[in-house]
Amino acid sequence: MRSRASFRVVLVSGAICSGKSTLVDELRRRHGAEIVRTRDLILQAAPKAKVGRDAFQRAGERLDRTTKGEWVAEALQRVIDAAQQSSTPSGIYVVDCVRIQEQVNAIRKAHGSEVFHIHLTADPEVLKRRYAERNHAEDAGTGYDALKRSRTEKNIEDLSKTADVVVDTDRCSAGGVLVRATALLDLYPRGAEKLVDVLIGGQYGSEGKGNIVGHIAPEYDLLVRVGGPNAGHQVFAEPEPEKYFHLPSGTRRAPKAQLLLGPGAVINPRKLLEEVARHEIGNDRLVIDGQAMIITEEDLARERELFANISSTAQGVGLASARKLTGRSVYKSGSGRFLAKDCDDLKPFIGSARTVLADAFVKRHRILLEGTQGTSLSLHHGQYPHVTTRDTTVAGCLADAGIAPSNVRRVIMVCRTFPIRVGGPSGPMDYEVTMEEIHRRSGIPLDPLKKAERTTTTNKERRIAEFDWVQFKDSVQLNGPTDIALTFVDYFGMVNREAYRFDQLTPETIRFVEEVERVSGRPVSMLSTDFNWRNVIDRRSW
């Protein structure tokens, strides 16, 4: 990719009704462009000019004759000079309507290779129809055929000969025109730029993912979460921990980051809105993809009946997800409305994940995708039927969010020293141990230990087991992590809570970390020693 200049100049030309205003407005809205409106310049130069499109055309032609087209370049330079002195210059300046080649030449002479000329065109009959259908006050009393008799308007298509891009707008949507303009400006990454880090659970969930997200979240501009409210993540805070069932766990730790719930998310609207209110999140910060699925009260009631024998959290996620697969015909008929975009309470937050991500890539923002649950609960790769209703691996999380694998920079797999499953008939685990045994080995008082080992979503007791090396190696194979985050290292000894550097950990803990790195072939980049403000030993090289 070529080096970036301090600013770019965009010249837009084309016949009346070819789509110039739409493109200019989108460049302003999507890329923060500063707009130089030639209509305003004409009014400044000729304040007594009559209102009306034909009058503006004549006034502009007079300026072209007297300045040989240089009046637009001079006005553009004033705008650039003023903007460059501000604290946050836009960097993109758009002239909304160049009319003759002399105007283009003067601007190119001043700014050289940083000038990008986009010419819009369309079939004459289409242009005429568009003009008749629109309702602009300045068009009053002026017919389309009369406007086309103007010498400038008559020769406007000559500008297509020297334009960098010519777009036929009756064969290309407004969105398509913007895409082509964005590419011309070299705003899209050339190739797959690696801006996304993915964090997933490597075991059966409850690995302490929220704790790790809370540690790294301030490094990101966009936080993305997928999954549903059957997974609760906790981040340390005082006086009470923050609990997140829908929102990304870094919501408060990274207060300036944008928040996104992807199209693969499953949402309980009431629970989400409670969470939004609790964390004081506005619709200027949170975007929910309209394709996300909605959980109904009926889903919740039915799951409590159906899934008790597999210790499901019964949050309605399974039935809602199934309806997304089986309800397509019902949805098309109009007798069912169960996507996020159909929920009136969520409408202020509804948007497009694809648009949010595209904007983030254009701005080269860093993105953290937070998975939920754990790899061995994956619908496809877990121990069926003791699985959840989605693919919880990196591949599944990327698909749910709408992110290409080639955009991934790091994959962080979070694992506990002693994996857990929900209490009850939740599925097999090798070498289960009791909380009393963990208490004996670690020295952690038994009552706080038992209190801590309850599920965030349903407050059920957890089952706990020795570290499963076979399960761990399978998770490494499925996810291809670049880094391991190891949590609950205080279970090897309460003294680890006083360790703030790797070398301060107990010899047993250090040997365990070395074994994890040997089996996985990946570094243990972060270790969680406790649940407080300073609880992560950070060994990252990135």
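On the given criteria, is residue 237 of a type in the set (Gly, Ala, Ser), modelled with pLDDT of 95 or more and out of contact with any Gly (no Cβ under 6 Å at 6 or more places or on another chain)? So residue 237 does not fit the description; no.
Confirm whether residue 484 is of a type in the set (Val, Ile, Thr) and either outside any helix (DSSP H, G or I) or not assigned by TED's automatic domain parsing to the domain that holds residue 228 (or both). It is true that residue 484 is of a type in the set (Val, Ile, Thr) and either outside any helix (DSSP H, G or I) or not assigned by TED's automatic domain parsing to the domain that holds residue 228 (or both). Quick check on residue 497: is it charged (D, E, K, R), modelled with pLDDT of 95 or more and either surrounded by 15 or more Cβ atoms within 10 Å (Cβ to Cβ) or more than 22 Å from residue 371 (Cα to Cα) (or both)? Judged against the criteria, residue 497 is a match.
Scanning region 237-269 for residues that are touching a residue at least 40 places away in the same chain (Cβ under 8 Å) and surrounded by fewer than 19 Cβ atoms within 10 Å (Cβ to Cβ) yields 241, 243, 269.
Identify all residues within region 445-489 that are modelled with pLDDT of 95 or more and small (Gly, Ala, Ser); write none if there are none. If the condition is that a residue be modelled with pLDDT of 95 or more and small (Gly, Ala, Ser), then 465, 475, 480, 485 are the ones that fit.
Does region 193-212 contain at least one residue that is hydroxyl-bearing (Ser, Thr, Tyr) and farther than 30 Å from residue 465 by Cβ? Step through it out loud before you land on a result.
First pass over region 193-212, keeping only residues hydroxyl-bearing (Ser, Thr, Tyr): 204, 206.
Imposing the further condition that a residue be farther than 30 Å from residue 465 by Cβ reduces the set to none.
No, every residue in region 193-212 fails to be hydroxyl-bearing (Ser, Thr, Tyr) and farther than 30 Å from residue 465 by Cβ.
Collect the residues in region 350-395 that are in a loop (DSSP other than H, G, I, E, B), of a type in the set (Ser, Thr, Tyr) and either surrounded by 18 or more Cβ atoms within 10 Å (Cβ to Cβ) or touching a strand residue (DSSP E or B) at 6+ places or on another chain (Cβ under 7 Å) (or both), keeping them in residue-number order.
Here is the first cut: in region 350-395, the ones in a loop (DSSP other than H, G, I, E, B) are 352, 363-366, 371-374, 378-393.
Now restrict to residues that are of a type in the set (Ser, Thr, Tyr): 352, 372, 378, 384, 388-389, 392-393.
Matches in region 350-395: 352, 372, 378, 388, 389, 392, 393.
Of the helices (runs of 4 or more DSSP H) that lie entirely inside region 94-197, those containing 2 or more residues that are of a type outside the set (Ser, Thr, Tyr), in the same structural domain as residue 71 (by TED's automatic domain parsing) and surrounded by 13 or more Cβ atoms within 10 Å (Cβ to Cβ) span 101-111, 124-133, 144-148, 174-184.
Going by the structure shown, is residue 518 assigned to a loop (DSSP other than H, G, I, E, B) and either touching a helix residue (DSSP H, G or I) at 6+ places or on another chain (Cβ under 8 Å) or over 16 Å from residue 414 (Cβ atoms) (or both)?
Working: assigned to a loop (DSSP other than H, G, I, E, B): no; either touching a helix residue (DSSP H, G or I) at 6+ places or on another chain (Cβ under 8 Å) or over 16 Å from residue 414 (Cβ atoms) (or both): yes.
Spelling it out, it is not the case that residue 518 is assigned to a loop (DSSP other than H, G, I, E, B) and either touching a helix residue (DSSP H, G or I) at 6+ places or on another chain (Cβ under 8 Å) or over 16 Å from residue 414 (Cβ atoms) (or both).
Does residue 359 qualify as being in the same structural domain as residue 224 (by TED's automatic domain parsing), acidic (Asp, Glu), more than 24 Å from residue 325 (Cα to Cα) and in contact (Cβ under 8 Å) with a residue 24 or more places away in the chain?
Details: in the same structural domain as residue 224 (by TED's automatic domain parsing): yes; acidic (Asp, Glu): yes; more than 24 Å from residue 325 (Cα to Cα): yes; in contact (Cβ under 8 Å) with a residue 24 or more places away in the chain: yes.
Yes.
Do you know which residues across region 288-298 are within 11 Å of residue 228 (Cβ to Cβ) and either in contact with a Lys or Arg (Cβ under 8 Å, 6 or more places away or on another chain) or not assigned by TED's automatic domain parsing to the domain that holds residue 322 (or both)? Passing the criteria: only 293. Of all residues in region 484-542, those being within 21 Å of residue 445 (Cα to Cα), of a type in the set (Asp, Glu) and over 35 Å from the mean Cα position of the chain (by Cα) number 2.
Do we find that residue 534 is part of a loop (DSSP other than H, G, I, E, B) and assigned by TED's automatic domain parsing to the domain that holds residue 376 in this structure? Yes: the conditions hold for residue 534.
The values are calculated or read from the model by the stated rules, or taken from the named source; none is laboratory data. Given the structure is predicted, the values throughout are model-derived calculations rather than measurements. Don't worry about glycine lacking a Cβ; one is built from the backbone with ideal geometry, like all the others, and counts go over all protein chains shown.
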